[in-house]
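The values are calculated or read from the model by the stated rules, or taken from the named source; none is laboratory data. Bear in mind the structure is a predicted one, so any value in this text is a computation, not a measurement. All Cβ positions, glycine included, derive from the backbone under ideal geometry; neighbour counts span all protein chains shown.
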Amino acid sequence: MFPIPVQRDFSLRALNTFGIDARAQAYLAVDGPDILRAVRNDAGLAGLPRLVLGGGSNLLLTRDFPGLVLHMCGRGIAVVGEDSEFTYVRAAAGENWHGFVQWTLAQGLGGLENLSLIPGSVGAVPIQNIGAYGVEVKDRFHSLTAFDFSTGEVIVLDGPACRFGYRDSVFKHALRDNAVVLDVTFALPRKWQANANYADVAQALVDRQITEPSARDIADAVIAIRTRKLPDPAQIGNAGSFFKNPIVSAQQREALLAQHAGLVSYRQDDGRYKLAAGWLIDQCGWKGRSLGAAGVYEKQALVLVNRGGASGAEVAALARAIQADVRGKFGVELEPEPVFV
């Protein structure tokens with residue numbers, strides 16, 4: 001029988017970037033599909049609720065978890081192929097995302113530089129379809145392998161099968177609670193072109209007097225911007241951007257613009273508009289404010305922080321208060337990015 005080194009009554013404080021002091025009934029470090037098969041075949045473990053944990057950067061623990069935490073710890077990065085258009089790079093689910101992006105740049109491979117310094121692990125990236133500064137993971141995604149608890153098999157999913165949307169994927173819907181991502185393969189363009197369309201990135205390059213940026217130049221600009229705007233989870237607990245930027249119809253955007261001349265919005269390919277959630281929150285007076293030990297970051301209203309000893313319930317209460325104010329002032333619903341557990 002495959003040995004299952006489960007730990008009981010395990011603290012998750014160091015495994016979530018909010019630094020919430022919650023505990024798991026059971027904890028298991030996972031480095032591949034064999035241990036997941038063993039869990040599936042174990043009568044005592046198979047019936048427990050499961051929580052798959054990567055870097056813990058997209059998670060709000062509102063209570064102790066009454067089940068089994070599967071902590072993805074697999075490591076490994078490799079170039080696995082190339083063709084006339086792409087170089088294919090595979091990374092295990094447990095790899096640190098920013099470390100992986102830096103590895104690709106060190107190999108002279110561009111394509112992921114706009115996604116530099118986003119906290120979390122590689123395995124969580126396709127689940128959330130992370131994005132920043134004009135690039136989403138779906139733009140560079142090739143395929144992934146995952147363990148399917150419903151069948152006990154390892155499955156391979158390509159881009160269409162993942163059903164990517166704005167901060168969304170099939171793993172939040174049909175495959176939720178069943179599929180555990182094991183590794184992800186990215187297709188990085190051999191004919192790389194800089195994506196510096198976002199104003200902050202463009203300005204950073206101007207400030208550095210760079211007119212023909214390399215992938216490394218873009219990465220350095222993004223890292224500088226994120227470092228300036230966002231708190232380091234090692235210093236103050238947070239999960240990065242807490243709310244999704246809401247998408248509204250052109251008509252709703254025009255109505256809002258008539259009432260709020262400074263409205264920050266970005267036109268989407270389908271004619272709708274993405275609103276800057278941070279601007280909406282700031283206009284409601286929340287930047288720098290706190291409820292208990294949970295607060296809104298002074299430099300970026302989109303980021304909720306743990307000022308020290310906050311519970312997940314306190315952070316959730318702060319989020320609800322912000323949602324209510326934005327709803328009341330703008331008639332817009334804010335949807336949290338982190339998963340509430």
_Residues that are in a loop (DSSP other than H, G, I, E, B) and without any contact (Cβ under 8 Å) to a residue 24 or more places away in the chain: does the stretch 93-101 have at least one?_
no
_For a quick check of your reading of the model, give me the residue pairs whose first member lies in the stretch 220-247 and is in the same structural domain as V264 (by TED's automatic domain parsing), whose second is part of a helix (DSSP H, G or I), with beta-carbon atoms closer than 7 Å and at least 6 apart or on different chains._
F242/A319; F243/A277; K244/A277; N245/A277; P246/A277
*Across the stretch 275-311, which residue is surrounded by the fewest Cβ atoms within 10 Å (Cβ to Cβ) among those that are without any contact (Cβ under 8 Å) to a residue 60 or more places away in the chain and of a type in the set (K, R)?*
R289
*Please tell me if L144 is surrounded by 13 or more Cβ atoms within 10 Å (Cβ to Cβ), farther than 30 Å from G308 by Cα and touching an Asp or Glu at 6+ places or on another chain (Cβ under 8 Å).*
yes
*Within the stretch 31-86, which residues are among the acidic types (D, E) and within 25 Å of G312 (Cβ to Cβ)?*
D64
_For the structure I just gave you, tell me whether T185 is part of a strand (DSSP E or B), free of Cβ contacts under 8 Å to residues at least 60 places away in the same chain and either in the same structural domain as A46 (by TED's automatic domain parsing) or polar (S, T, N, Q) (or both)._
no
_Candidates L15, L60, L53 - the one that is over 30 Å from L105 (Cβ atoms) and either basic (K, R) or at pLDDT 95 or above (or both)_ = L60
*With the checklist (1) modelled with pLDDT under 95; (2) in a loop (DSSP other than H, G, I, E, B); (3) of a type in the set (V, I, T) in hand, flag the one item T227 doesn't pass.*
(2)
*Is there a residue being farther than 26 Å from D83 by Cα, among the charged types (D, E, K, R) and under 17 Å from the mean Cα position of the chain (by Cα) anywhere in the stretch 119-141?*
no
*Can you find a residue in the stretch 92-106 that is more than 23 Å from V125 (Cα to Cα) and among the hydrophobic types (A, V, I, L, M, F, W, C)?*
no
*Quickly run through the stretch 74-119 and pick out the residues that are polar (S, T, N, Q) and under 30 Å from A202 (Cβ atoms).*
T87, N96, Q102, T104, Q107, N114, S116
_Residues satisfying the stated conditions in the stretch 22-59, i.e. part of a loop (DSSP other than H, G, I, E, B) and without any contact (Cβ under 8 Å) to a residue 40 or more places away in the chain_ = D42, G47, L48, P49
*Name the residues in the stretch 1-41 that are touching a Cys at 6+ places or on another chain (Cβ under 7 Å) and surrounded by fewer than 21 Cβ atoms within 10 Å (Cβ to Cβ), would you?*
A29, D31
*Could you tell me which residue of the stretch 312-341 is nearest to V264 (Cα to Cα), considering only residues that are of a type in the set (D, E, K, R) and free of Cβ contacts under 8 Å to residues at least 12 places away in the same chain?*
R327
*Any chance the stretch 71-78 includes a residue that's farther than 24 Å from V125 by Cα and either basic (K, R) or outside the structural domain of D168 (by TED's automatic domain parsing) (or both)?*
no
*Hey, among the residues in the stretch 171-186 that are among the aliphatic types (A, V, I, L, M) and surrounded by 15 or more Cβ atoms within 10 Å (Cβ to Cβ), which one's nearest to D148 (Cα to Cα)?*
A179
*Of the residues L28, L45, which is closer than 30 Å to G237 by Cα, at pLDDT 95 or above and of a type outside the set (G, A, S)?*
L28
*asked:* Show me the strands (runs of 3 or more DSSP E) found entirely inside the stretch 252-298 where at least 2 residues are within 15 Å of E333 (Cα to Cα).
replied: 273-275
